[in-house]
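The values are calculated or read from the model by the stated rules, or taken from the named source; none is laboratory data. Since the model is a prediction, treat every value here as computed from it, not as a measurement. Cβ atoms come from the backbone with ideal geometry, glycine included; neighbour counts cover every protein chain shown.
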Amino acid sequence: MIKEGILHPHILDLLARIRHTNMLVIADRGFPYWPMIETVDIALCDDIPKVSDVLELILPRYQFGRAFMADEFKSNNLPGKVKAIERLLGDVTLIYELHKEKFKKRVPHAIGLIRTGDTTQYANIILESA
């Protein structure tokens with residue numbers, strides 16, 4: 001029996017299949033459903049869990065080289081929230097790009113998506129393994 005860390009078996013299974021340059025989406029509660037992408041829905045209610053909660057658990061255990069977020073995340077949220085995500089990412093290179101023109105076009109190439117209950121606007125993030 002697992003004693004600590006990520007306990008959700010579907011998330012563990014998804015993470016175990018991430019290889020070099022594979023992408024994983026961690027999305028807010030309003031992110032659209034993509035039928036071609038394996039989705040693990042862990043939204044319990046508004047803001048439980050948050051994207052940042054999932055990042056806190058995943059980032060120390062897996063190696064990611066880049067992360068992508070919508071540029072609109074910066075303009076729709078307070079600077080403290082933006083800095084908190086950047087701090088969580090640590091050495092992972094964060095690339096901001098326009099939501100419709102670039103970010104959403106990456107989504108179909110992800111191997112999986114974890115949907116949270118986060119209500120933060122544009123809190124979605126795509127992690128690319130190193």
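Some values worked out for this structure:
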item	result
Among the residues listed as 68, 31, the single one being aromatic (Phe, Trp, Tyr), outside any helix (DSSP H, G or I) and more than 16 Å from residue 128 (Cα to Cα)	31
Residue selected from the range 3-29 under the condition without any contact (Cβ under 8 Å) to a residue 12 or more places away in the chain and of a type outside the set (A, V, I, L, M), by the criterion surrounded by the most Cβ atoms within 10 Å (Cβ to Cβ)	13
Tally of residues being among the charged types (D, E, K, R) and in contact with a helix residue (DSSP H, G or I) (Cβ under 7 Å, 6 or more places away or on another chain) across the range 76-128	2
Options 78, 94, 89; residue that is hydrophobic (A, V, I, L, M, F, W, C), crowded, with 17+ Cβ neighbours inside 10 Å and farther than 21 Å from residue 34 by Cα	89
Residues that are at pLDDT 95 or above and either in contact with a helix residue (DSSP H, G or I) (Cβ under 8 Å, 6 or more places away or on another chain) or charged (D, E, K, R) (or both), drawn from the range 20-35	23, 24, 25, 26, 27, 28, 29
Residues of the range 34-61 satisfying the condition of being in contact with a strand residue (DSSP E or B) (Cβ under 7 Å, 6 or more places away or on another chain) and assigned to a loop (DSSP other than H, G, I, E, B)	34, 37, 38, 42, 43
Failed criterion for residue 123 (all others in (1) closer than 19 Å to residue 6 by Cβ; (2) part of a loop (DSSP other than H, G, I, E, B); (3) small (Gly, Ala, Ser) hold)	(1)
Every residue from the range 97-116 that is part of a loop (DSSP other than H, G, I, E, B) and exposed (fewer than 14 other Cβ atoms within 10 Å of the Cβ)	98
